[in-house]
Amino acid sequence: MNPSASGWINKFGYLVQKQSLDVSSQEELYLQLKKIGFVYGIHIDVFPLVQPEHKLTEDEIAKINLLVALFLTYKLERQSNGFRDFVETVFAYYRSLEVGKISFLNKILSAKHTESQLEKLIDSRIYLGGSAFSRAFGNSITNSLLFVDVLIFRNYLKNKISIVEHAKMIEYVTMNIAYHALNSKETNKNDAKFIQLLAASLTYVDLKDTYFDRTYRDLLKLNFTIEEKNYFLDMACLTIWEDKSVDSAEMQYVYSLGIDLGKSESEVKASLHFVFDFFEKNKERIGYLNDKNVAFQFYQGMSKNVSKLILRNSKRLKKELTESKELVSLLSKSTVKELSPEEKRRMQNQLLDIFKTIPSLAIFMLPGGAILLPIFIKLIPKLLPSAFDDNRIEER
């Protein structure tokens, strides 16, 4: 299953009908999603039992986990494994949230509801309309609150009213919890970075309309589910630990929040220990915690994106390259010595002609896309065999 090629959701639907993808309860689903970072908005691993065929990028992991989380929530609530009904239900759910007005999904939501349209819907929820260049700085910037979609979906399946208002309430409370957790001690640069990640993830509320006062505590007395309360507590624990240190004031805040959420002291401790262990195990893989030069982050992010494009389209690229002997010669020469300005111009023009024939490589044709060509040229010698149609369903 290749989540960056068309047909991946159709392949997923085929696989879940043929093999078991199951959890016993909402509590187990939440725990599994927390273990892989999805609840925390940190996309580093895919859901257990899902077997990707390539090393996945952060956006691909987020896409798979969002789909899996929605599907398993549907399966638990409706006691159904019907994938077509699930697809229709997801479209109806997002329409009820009026997400189309927020993230340019009107055409998708009003079109024929197929697996290919669902791919576009999932893409839109992951990227939130962001440009390819902004994604290079780290997709967690737009995906930190993605789990809210899953929480609201469960409410939708239970036929709860005022879904939009409930979505706004969850985001509003989450932002307030993060804000007050950060301000329980003197804010440092990592804290500021973290709150920016959350703010950029808002879908249902506008940050400028959010009041950071203590009235959010009154909302905690409303009818939130156990998973929603667990999410609030986990986000508080995540917020105080993201700078890798916790002081007594932060601990006091988390424990007082736990009381408001109806949590015991042992439950708060368990939540704290879980996030501490998660960070310790994955600290080298959580991008926004690493203080890197911005230019380096950009280059590193773009290298990953271009590498993925090469891998996913390697069959087409190989075919096109073999038909252009001059281009192959120039590419080979560029790996060992500097090309002349005229040679660089010829190579760039020939590459752009190839990109025109491969829709997935349209990014290079966009304004500013030429800055990616040196990265592309550097990675070309590492061109690997690719399952160009790895979402094809084998007929038996």
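Rule-based calculations on the coordinates, nothing more; no lab input. Predicted model, so just to flag it, every value in this text is computed and none were measured. Methodologically, a virtual Cβ is constructed for each residue, glycine included, from the backbone with ideal geometry; neighbour enumeration extends over all protein chains shown.
Ordering of 220-230, 39-49 by packing is 39-49, 220-230, highest average first (other Cβ atoms within 10 Å, averaged per residue).
Report the FRET efficiency, 1/(1 + (r/R0)^6), for R78 and L222, where r is their Cβ-Cβ distance and R0 is 22 Å, rounded to 0.05.
Details: r = 25 Å, r/R0 = 1.15.
The value I calculate is 0.30.
The gain in end-to-end length when the K315 to K269 segment is fully stretched comes to 11.4 nm, 0.36 nm per residue minus the alpha carbon separation.
Kindly provide the GluC sites (Glu not before Pro) of the stretch 1-104 that DSSP labels as loop, not H, G, I, E or B, and whose Cβ sees at most 15 other Cβ atoms within 10 Å. Spell out each step's value before the answer.
Working: sites: E27, E28, E53, E58, E60, E77, E88, E98; in loops: E53, E98.
Answer by residue number: E53, E98.
Each of L219, L76, L146 was scored by other Cβ atoms within 10 Å of its Cβ. Listed from fewest to most, they are L219, L76, L146.
At full extension, L49 and S162 could sit 37.2 nm farther apart than now, given 0.36 nm per residue minus the alpha carbon distance.
Between R95 and R285, what's the calculated FRET efficiency when r is the beta-carbon distance and R0 is 35 Å? Round to 0.05. Let's see the in-between values first.
Values: r = 36 Å, r/R0 = 1.02.
Calculated transfer efficiency: 0.45.
Shape of the stretch 1-55 from its Cα gyration tensor (a ≥ b ≥ c, root eigenvalues): rounded if a/c is under 1.5, otherwise prolate when a/b > b/c, or oblate? Oblate, since a/c reaches 1.5 and b/c is not below a/b.
Loop only by DSSP, 14 or fewer other Cβ within 10 Å of the Cβ. Give me the trypsin sites (Lys or Arg not before Pro) in the stretch 11-69 that pass, ordered by residue number. Numbers along the way, then the final one.
Details: sites: K11, K18, K34, K35, K55, K63; in loops: K55.
Counting only loop positions with at most 14 other Cβ atoms within 10 Å, the trypsin sites (Lys or Arg not before Pro) in the stretch 11-69 are K55.
Sequentially through the stretch 312-322, phi angles give Karplus couplings (6.51, -1.76, 1.60; θ = phi - 60°) of 6, 10, 5, 5, 5, 4, 4, 4, 5, 5, 5 Hz, Gly and Pro residues having no value and appearing as x. Among the listed pairs K35/K263; K35/K283; K75/K229; K319/K356, those with a Cα-Cα distance over 18 Å are K35/K263; K75/K229.
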